[in-house]
Every structure is written in structure tokens, then in C-alpha cells.
Amino acid sequence: MFKNKRSREMGEINGSSLADIAFLLLIFFLVVTTIDIDTGIGLVLPPIPDDIEPPPVHERNMMRILVNASGMIQMDDDPVSVVEVKQRVKDFIDNPTNDVNLAESPQDAIVSIKTDRATEYNIYIDMLDEVTGAYNELRDAASQAQFGVPYSSLDDDSEQQDLIREQYPKQLSIAEPDEG
Amino acid sequence: MAHFQKKSAKTKQDVPTSAMPDIVFMLLIFFMVTTVLREVELRVQIQYTDAENIEKIEQKRLISYIYIGPERLDGGQLGDTKVQIDDALIEDMGAIRTLMYDKLLDEPRLIVSLRVDHETEMGVVTDVQQELRHAETRRINYSTLRQQE
């Protein structure tokens with residue numbers, strides 16, 4: 001008698017709504033997901049100087065970029081506008097005309113950026129962007145000439161990339177802040 | 001003509017849908033795996049600046065974030081510029097040094113991503129950078145968006 005009843009109760013679970021449930025969950029995760037990739041300008045800060053004197057740098061190998069509180073820019077002693085910065089940095093690093101006031105060689109060139117305490121952050125980033133852009137363009141040109149492809153399409157940590165990086169080492173100096 | 005009509009009438013036009021739940025489940029699992037729910041609650045307001053020459057950071061596990069921007073106050077108002085690391089606002093700049101040094105010990109290849117509001121004054125950023133130099137966490141990244149042409 002009981003046996004009979006049990007066999008009648010055995011039923012199948014209706015699986016047709018499974019797809020709907022899965023769709024609902026899928027839509028939830030689609031909405032919640034933000035595939036954000038971190039992008040930005042990378043930099044390695046200089047170590048805190050010990051009492052050892054930093055090695056002397058020739059005046060001509062140093063490009064000083066100063067930005068004041070109102071966003072005015074001065075490179076070496078001339079006031080310049082933002083659009084000129086990239087070209088001037090490129091000229092300074094590469095020095096195609098062997099100007100005695102510009103860097104001896106790309107390996108010696110140092111670009112130093114100094115800002116006022118009241119300078120706005122986005123002006124500083126613009127500046128950094130221009131200098132990074134100058135280096136990228138020089139590396140691209142060198143890579144194009146030697147290997148026929150732009151720098152960015154070389155494999156990471158490949159020999160070619162190292163070679164270009166040695167040729168144009170990115171030597172950015174974030175100047176020591178003023179005391180007080 | 002009759003010949004053609006007969007042929008088209010015979011073909012079955014149903015797409016089999018029995019595999020649809022499998023496909024949906026596969027997509028579902030993909031999105032469940034990739035989803036990262038926001039783990040920190042931002043207590044400072046940050047509007048990113050943009051730049052052209054940016055690079056991607058592939059190894060997300062190495063990144064530690066420092067947020068700098070005006071503090072969010074009650075009622076949608078903005079206060080003074082504050083520094084936030086993880087969930088807490090940093091009151092004393094000197095604390096950054098020990099905090100970041102501990103993180104460096106956990107992960108020697110640490111990259112510090114600075115997420116700074118575009119109107120912040122450089123003084124605060126410079127102070128934070130000085131602390132990072134003291135902590136020896138020198139690999140940093142200024143978080144920016146890609147510039148729209």
C-alpha cells in the first residue's frame with residue numbers, strides 16, 4: 001500500500017526555468033562587473049640620499065623644468081608653453097645638432113621636474129606626460145630604425161627592448177622639495 | 001514550381017535550444033570569476049586626471065593604492081585634502097612610512113598606485129612621495145585615465 005503511494009509521488013523537477021534563473025544571475029554579474037585596468041604613468045622614485053654627495057652632473061646634461069603655482073613653465077631659463085615642452089625635451093635628449101648647451105649624449109641626459117607646493121596636480125601630470133611622451137617618441141624612432149617596428153610592439157624584457165632602453169634611459173629626477 | 005514548394009515545406013526550421021542553459025552558465029561562471037567587488041570605501045573625492053603616454057599595470061596583486069583628495073563630508077560637501085590608505089584616513093604623514101614599509105615586507109615587488117584628485121596641490125603629493133622614499137617603496141604609478149582625443 002505504501003509502496004504504491006511512493007511510486008506515484010516520484011516526479012521530475014521542472015527544469016525549464018533553469019535558464020531563466022541563470023540569465024538573471026548573468027545579468028546581475030554583467031551589471032556589477034567593472035573590468036577596470038589600472039593605467040597610469042609609472043615612475044621610480046630616487047632613494048633618500050645618504051650623506052654621500054650625489055655624483056656631479058654637468059650643467060649641460062641637466063634639463064630643469066620648473067612649474068610655478070599658476071602653472072607657468074620654465075625650462076632651463078626660458079619661459080615656455082606646454083605645447084613646446086615635448087619638442088624641447090626631445091631636442092635636449094637627442095641633441096641632433098651637437099649644441100654645446102644641450103645634453104652630451106642621451107645616456108647623460110637628465111630631466112628634472114620641480115613644482116611649487118601650490119601647483120595643481122594635473123599640471124604636474126601634464127608635464128610628466130609630455131616628458132614621457134618625448135622619451136617614447138625617441139625610443140619609437142630608434143626602434144623603428146633598427147628593427148623596423150615601434151618600441152611598444154617589441155616583446156617585454158626582450159634583448160631589443162633592453163638595447164633601446166640602454167640607448168635612451170629614462171632619467172627623470174624629481175627634485176628634492178624645498179625645506180619649510 | 002510545384003516541385004520547389006514541396007521541397008521547402010519539408011525542411012525543419014527549429015534551432016535546438018537545449019544547449020542554451022549550458023552557454024548561459026558558462027558566461028555566468030566567467031563573469032563570477034572576473035568580478036571584483038569594490039573592497040575599499042572611498043572617503044575622499046577623486047576625479048582622475050588624464051594623460052596620453054600611459055602604461056597598463058598587468059600584475060594587479062602587486063598594487064597598493066594611496067588615495068589623495070578632498071574629504072567627503074556629510075551632505076555631499078567636500079573638506080580639506082586628506083590621504084587615505086586602505087580604509088582609513090591618515091592624519092599623521094609619518095604613519096605612511098611604517099604602513100608602506102610593512103606592505104613592502106609582505107610584497108617586495110610592491111607598486112604604489114597614487115590616485116590623486118586633479119586639483120590637489122602638489123605639496124601634499126610631495127610629502128607622500130617623501131614618505132614613500134623613506135619607506136623604500138619607490139616604484140610608483142600615477143593613476144590617470146587615457147586622454148580622449
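Under a Gaussian network description of chain A, with springs only between Cα atoms under 10 Å, the residue in A:Gln74, A:Gln87, A:Gln146 that fluctuates furthest is A:Gln146.
Please give the charge dipole size of the protein assembly as shown, origin at the Cα centre, charges +1 on K and R Cβ atoms and -1 on D and E Cβ atoms. Round to the nearest 20 debye.
Numbers: 33 positive and 59 negative charges, 635 e Å.
The calculated dipole for the protein assembly as shown is roughly 3040 debye.
Comparing B:Thr120, B:His134, A:Gly40 along the charge dipole axis of the protein assembly as shown, the residue lying farthest to the positive side is A:Gly40, per the Cβ-charge model.
Placing a pseudo-label 7 Å from each Cα along the Cα-to-Cβ vector at B:Asp127 and A:Gln144 gives an inter-label distance of 4.5 nm. Listed values for region A:38-43 are Karplus-derived 3J(HN,Hα) couplings in whole Hz (6.51 cos²θ - 1.76 cosθ + 1.60, θ = phi - 60°), namely 6, 10, x, 9, x, 7, and x replaces Gly and Pro.
Binning the C-alpha pair distances of chain A at 10 Å intervals from 0 yields a P(r) profile of 8, 25, 25, 13, 7, 6, 5, 4, 4, 2, 0 %, listed from the shortest bin outward. Using only side-chain charges placed at the Cβ, +1 for Lys and Arg and -1 for Asp and Glu, the dipole size of chain A relative to its Cα centre rounds to 1640 debye.
Computed extension gain for A:His58 through A:Met72, at 0.36 nm per residue and net of the alpha carbon distance, reaches 2.5 nm. Projection of the Cα convex hull of region B:41-129, averaged over all directions and equal to a quarter of that hull's surface, yields 6.5 nm². Volume of the convex hull of the protein assembly as shown (Cα atoms only), normalised per residue: 335 Å³. Roughly what would the spin-label model give for A:Ser153 and B:Ala19, points 7 Å off Cα along C-beta, in nm? The two pseudo-label positions are separated by 3.6 nm. Taking all Cα pairs closer than 8 Å and separated by 6 or more residues, the relative contact order of chain A comes to 20 percent.
Can you give the average number of partner chain beta-carbon atoms within 10 Å of each beta-carbon in peptide B:21-34, as a whole number? Mind showing how you got there, number by number?
Working: counts 8, 2, 2, 9, 6, 2, 6, 10, 4, 3, 10, 6, 1, 4.
Shielding by partners across B:21-34 averages 5.
Order these by the 10 Å Cβ neighbour count, fewest first: B:Met122, A:Met62, B:Met32.
Ordered by Cβ neighbours within 10 Å, fewest first: B:Met32, A:Met62, B:Met122.
Counting Cα-Cα pairs of region A:102-180 in 5 Å increments starting at 0 gives whole-percent bin shares of 3, 13, 21, 20, 15, 12, 8, 5, 2, 1, 0.
Taken residue by residue and averaged, Cβ atoms of other chains lying within 10 Å of the Cβ of B:59-67 number 1.
Mean partner shielding of peptide A:12-24, defined as the number of other chain Cβ atoms within 10 Å of each residue Cβ, is 3.
In the protein assembly as shown, helices alone account for a calculated mean residue ellipticity at 222 nm of -12000 deg cm²/dmol, with every DSSP H run of four or more residues adding -39,500 (n - 2.57). When the Gaussian network model of chain A links Cα atoms closer than 10 Å, the mean-square fluctuations of A:Glu166, A:Glu137, A:Glu12 top out at A:Glu12. Residues considered: B:Lys103, B:Lys82, B:Lys56. Largest GNM mean-square fluctuation over chain B, using C-alpha springs under 10 Å, is found at B:Lys56. For the peptides A:120-131, B:134-145, residues were scored by their other Cβ atoms within 10 Å and the scores averaged per peptide; the highest-first order is A:120-131, B:134-145.
Determine by what factor the alpha-carbon radius of gyration of chain B differs from 2.2 N^0.38 Å, reporting the quotient.
Details: Rg = 25.9 Å, N = 149, 2.2 N^0.38 = 14.7 Å.
Chain B yields a ratio of 1.76.
Projecting the Cα atoms of A:Ile110, A:Gln160, A:Ser143 onto the dipole axis of region A:75-166, where Lys and Arg carry +1 and Asp and Glu carry -1 at the beta carbon, places A:Ile110 farthest toward the positive end.
Fully extending the segment from A:Phe23 to A:Asp162 would add 45.2 nm, taking 0.36 nm per residue of separation and subtracting the current Cα-Cα distance.
Only Lys, Arg, Asp and Glu count, each charged at its Cβ (+1, +1, -1, -1), so figure out the dipole size of region B:17-149 about its Cα centre, rounded to 20 debye. Mind showing how you got there, number by number?
Numbers: 15 positive and 24 negative charges, 94 e Å.
Once rounded to the nearest 20, the dipole reads 440 debye.
Readers should treat all values here as calculations from the given coordinates under stated rules, not as data from a laboratory. Since the structure is predicted, the reported quantities are computational estimates derived from the model, not experimental observations. Counting neighbours? That spans all protein chains shown, and the Cβs are built from the backbone with ideal geometry, glycine included.
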